[in-house]
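Just below is one structure, and these are the notes that go with it.
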Amino acid sequence: MKKIRVRFAPSPTGGLHLGGVRTVLYNYLFARQHDGDFILRIEDTDQSRFVEGAEQYIIDCLKWCGLTPDEGPVAGGPVGPYRQSERKQYYGAYAQQLIDAGYAYMAFDTPEELEQMREQFKTVQDPQPQYNHRLREQMRNSLTLGEKEVKSLIDAGTPYVIRIAMPVDEELSFTDMIRGEVTFKTGLVDDKVLIKADGMPTYHLAVVVDDYLMKITHAFRGEEWLPSAPVHLLLWKYLGWQSQMPQWAHLPLILKPEGHGKLSKRDGDRLGFPVFAMEWTDPKTDEQIEGFKEKGFLPEAFVNLLAMLGWNDGSEKEIFTLPELISSFSIDRVHKGGARFDYEKAKWFNHAWIQRLSDETMAERLVQFSPSHYGSVEISYLIKVIAAVKERCHLLTDFWQQSSFFFEAPSVYDNDSVKPKWKDQHKEFYLSFIERMAGLKPAEAGAFEQIFKELAAEKQIKPGELQMFFRIMLVGGKFGPPVFEITSTIGLEQTIKRIELFLAQIS
RNA sequence: GCCGCGUUGGUCAAUCGGCUAAGACGCAUCCCUUUCACGGAUGAAUGACGGGUUCGACUCCCGUACGCGGUACCA
C-alpha cells in the first residue's frame, strides 16, 4: 500500500499559494492513481511563526479544490498525530542516537558568535561561509570542547543546537521521480541544525523522522528543496532506515509572469490577480487578500489550470476533470523547468469550464457565490439567464454585469450613443410598437421580433438602427445577448415598461 | 563566489534521432453579429551559443552563456 504525504508549514504571512496547491494536486493524483493513502501533515514547527487559523484555512482550500486528504489532523488515522507540535517527543531520541553514533554533535555557539564567524571568514570567493567540516573545528561545539566542558555547559543550562556532521568528501545520489539521478558532494553542504535551541526540530530532522514513522512511500515537494536533499539522504542513512526511504519528486517552480523569480503574493497585488486559492487575512496587517475562489474561479477550472502548469498528457487535450486527471496523470511527464504563470490563460480555463458545466450546476454555483444577487431569484429563470449570457463570462463575477438587466431595469442609459441619431420618427416607431405588442398575450413573446421587423418595414426605417436603440432601452448600454433573446426572457410586460421608461427620460 | 537544477514562439507546450518543428493562450487581419462576447478562417511569432557523435540532431555528449533555486537555530 502506498502512502503519499503532503506537508504544510504555516508561512509567516500565511495563505496557500498556487505552487502549494499544485504540489498537493500532484500528490493527490499520484495517490489516487496508485490507490494509495493521501496524508496531510501540518508542520507547525516553530511556534513563533505559527499563524492562528492557518491550519483550518489550508483544509478549507483543499476541500474547495476537491483534494480532501484521507488522513490528517482532521480525519485522523493510524500514524498520527499529524501536527508536528504534537510529535515533539519523537525527535529528541533520534537526535541523541545520531550524536551517540558520531553523526551529529552539539553546538553552543550563540547567534552573535555565528554572526562574527561569518564576518570573519567572509572572502570574495566565499561570501557566505558555512558552518561546515572545515569551520566546525574552530567553533564551540562538542567536537572541539572537552567532554568535561561540554558536560558543565549542559549542566549550566547553556542553550545549544544539534547539528549534523556532514562527511568531508563523499558523493551522494538519489533518483528523483522527475529529474532522474541527482548527485551531490557532501563537503559542500553545511552542518545543518537538526534540533534548535528551543528543542524543536528543524524541517530537516522532522521530515525524515515523520516520513519514517508514518511509513511514507512517496513525497512531492518544490524544487527549492533539492539542495537540502543530501542532508535528508544522509539522515535516512545514519538512522539506519535507508531501505525505507520514500521516493522523492521535486516539482518545478511556478514563476512570475514577466520574469524573475518565484511567483509571490506581491506579484498578485501588483498585476491584479490572485495567488492564493482562497481569501486569506494577513494576521499581521489585517490585510484581506482575495483568492481564486473570490475572484470568480470555479474549483474545477482552478485545479485544471494548475495541473497543466508543468504537466500535460502529450495530447492536445487541455480540459480535464479531476477523474480524468487521475487516470491520465503520470509523474514522468512532469516538466523539469519552471513555468511562468499566465493569468489570461487561467481565465480562459475558467471560461471553458463555465461553458462545460450545465446551466443547472452553474445556477447553484452562482447562488452560492453571490447570494446577494441571486439568492432570491427563481431558479428556472436564473437557468435561462445563464444560458443566455454564459458564453461571454470568464469569471463568476462577470455574470452580474452581464445579466443584471434580466432582473432589474437599467438605471442609466448610454445616451451618448443614442442622442446624435435619435429622431422623432424613432419615438413614433416605439410608441406604435408598444401599441401592437399590448395586444399580444404574454406567451407570445416570440412574436416580438416579427412585429418589430414588420413595423420597421412599414415605417421605412432600417431595423438595425432601431435595434441599437432598443438594446439600450432594455439593458442600458451596448452589450448583452441578442435583443430578442432578452425580450423573450424578460417578457412582454417588462419590455413595454422599459421602452416607456426610456422614452420618458429621452424627451 | 560556491553548489544544484533548468533552457523549443511573448506565455503554456508537443516532439523521446528523420521536422515542411503540433496544439493552446495572447496578438493581428477577415468573416459572423448594426451591441459586447462567443464562434469560424487566416496570419505573424520558436529550437540560447559553440563544438562533437551520427548518413541525419531540437532530440545524445561536452563546453559556454543565460535563468532559477539553495547557500539561516525559515520552511
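The values are calculated or read from the model by the stated rules, or taken from the named source; none is laboratory data. Bear in mind the structure is a predicted one, so any value in this text is a computation, not a measurement. Cβ coordinates were reconstructed from backbone atoms using ideal geometry, including for glycine residues, and neighbour counts include every protein chain displayed.
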Could you check segment A:88-178 for helices (runs of 4 or more DSSP H) lying wholly inside it with 1 or more residues that are aromatic (Phe, Trp, Tyr)?
A:88-100, A:111-121
Tally the residues that are over 42 Å from the mean Cα position of the chain (by Cα) and exposed (fewer than 14 other Cβ atoms within 10 Å of the Cβ), restricting the search to segment A:119-141.
4
May I ask you to list pairs of residues, at least six apart or on different chains, whose Cβ atoms are under 6 Å apart, with the first in segment A:158-183 being among the charged types (D, E, K, R) and the second being surrounded by 20 or more Cβ atoms within 10 Å (Cβ to Cβ) and part of a loop (DSSP other than H, G, I, E, B)?
A:ARG163/A:ASP191
Considering only segment A:170-183, state which residues are near RNA strand B (Cβ under 7 Å from one of its atoms) and either farther than 15 Å from A:ILE331 by Cβ or among the aliphatic types (A, V, I, L, M) (or both).
A:VAL182, A:THR183
Of (1) at pLDDT below 95; (2) surrounded by fewer than 17 Cβ atoms within 10 Å (Cβ to Cβ), A:GLN355 fails just (1)
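For every residue, the table says whether it meets (1) more than 11 Å from RNA strand B (Cβ to nearest atom); (2) farther than 24 Å from A:ARG7 by Cα.
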| position | (1), (2) |
| --- | --- |
| A:ILE154 | yes, yes |
| A:TYR160 | no, yes |
| A:PRO167 | yes, yes |
| A:TYR203 | no, no |
So, in segment A:360-378, how many residues would count as being more than 22 Å from A:GLU290 (Cα to Cα) and surrounded by 19 or more Cβ atoms within 10 Å (Cβ to Cβ)?
1
Scan of segment A:454-469 for residues that are more than 10 Å from RNA strand B (Cβ to nearest atom) and of a type in the set (D, E, K, R), ordered by number:
A:GLU454, A:GLU458, A:LYS459
Unique match (being away from RNA strand B (no atom under 11 Å from the Cβ), crowded, with 18+ Cβ neighbours inside 10 Å and over 21 Å from A:ALA93 (Cβ atoms)) among A:THR144, A:THR217, A:THR186:
A:THR217
Select from segment A:470-496 the residues that are closer than 21 Å to A:GLU435 by Cα, of a type in the set (D, E, K, R) and within 11 Å of RNA strand B (Cβ to nearest atom) and list them in ascending order.
A:ARG471, A:GLU485
Pairs where the first residue, in segment A:223-236, is part of a helix (DSSP H, G or I) and the second is within 6 Å of RNA strand B (Cβ to nearest atom), C-beta under 6 Å, 6+ apart
A:GLU223/A:LEU253; A:PRO230/A:PHE184
Which of the residues that make up segment A:27-59 are over 21 Å from A:LYS215 (Cα atoms) and surrounded by fewer than 15 Cβ atoms within 10 Å (Cβ to Cβ)?
A:GLN47, A:SER48, A:ARG49, A:GLU52, A:GLY53, A:GLN56
Identify the residue in segment A:118-137 that is of a type outside the set (Ser, Thr, Tyr) and over 17 Å from A:VAL189 (Cα atoms) and, among all such residues, is farthest from RNA strand B (Cβ to nearest atom).
A:GLN120
Looking at segment A:331-350, can you tell me whether even one residue there is at negative phi, polar (S, T, N, Q) and surrounded by fewer than 16 Cβ atoms within 10 Å (Cβ to Cβ)?
no
Tell me which residues, restricted to segment A:193-222, are within 21 Å of A:ALA107 (Cα to Cα) and assigned to a loop (DSSP other than H, G, I, E, B).
A:LYS196, A:ALA197, A:ASP198, A:GLY199, A:MET200, A:THR202
Subset of segment A:9-52 (residues that are at pLDDT below 75 and under 18 Å from the mean Cα position of the chain (by Cα))
A:ALA9, A:PRO10, A:SER11, A:PRO12, A:THR13, A:GLY14
Which pairs do you get when a residue that is without any contact (Cβ under 8 Å) to a residue 60 or more places away in the chain and farther than 27 Å from A:GLY53 by Cβ, found in segment A:251-278, comes within reach of a residue that is surrounded by 14 or more Cβ atoms within 10 Å (Cβ to Cβ) and not basic (Lys, Arg), reach meaning Cβ atoms under 8 angstrom, with the pair 6+ apart or on two chains?
A:GLY261/A:LEU255
Failed item in (1) within 13 Å of RNA strand B (Cβ to nearest atom); (2) surrounded by 11 or more Cβ atoms within 10 Å (Cβ to Cβ); (3) over 17 Å from A:LEU188 (Cβ atoms), with A:GLU112 passing the rest:
(2)
For segment A:194-205, indicate whether the set of residues that are among the β-branched types (Val, Ile, Thr), in contact (Cβ under 8 Å) with a residue 12 or more places away in the chain and surrounded by fewer than 16 Cβ atoms within 10 Å (Cβ to Cβ) is non-empty.
no
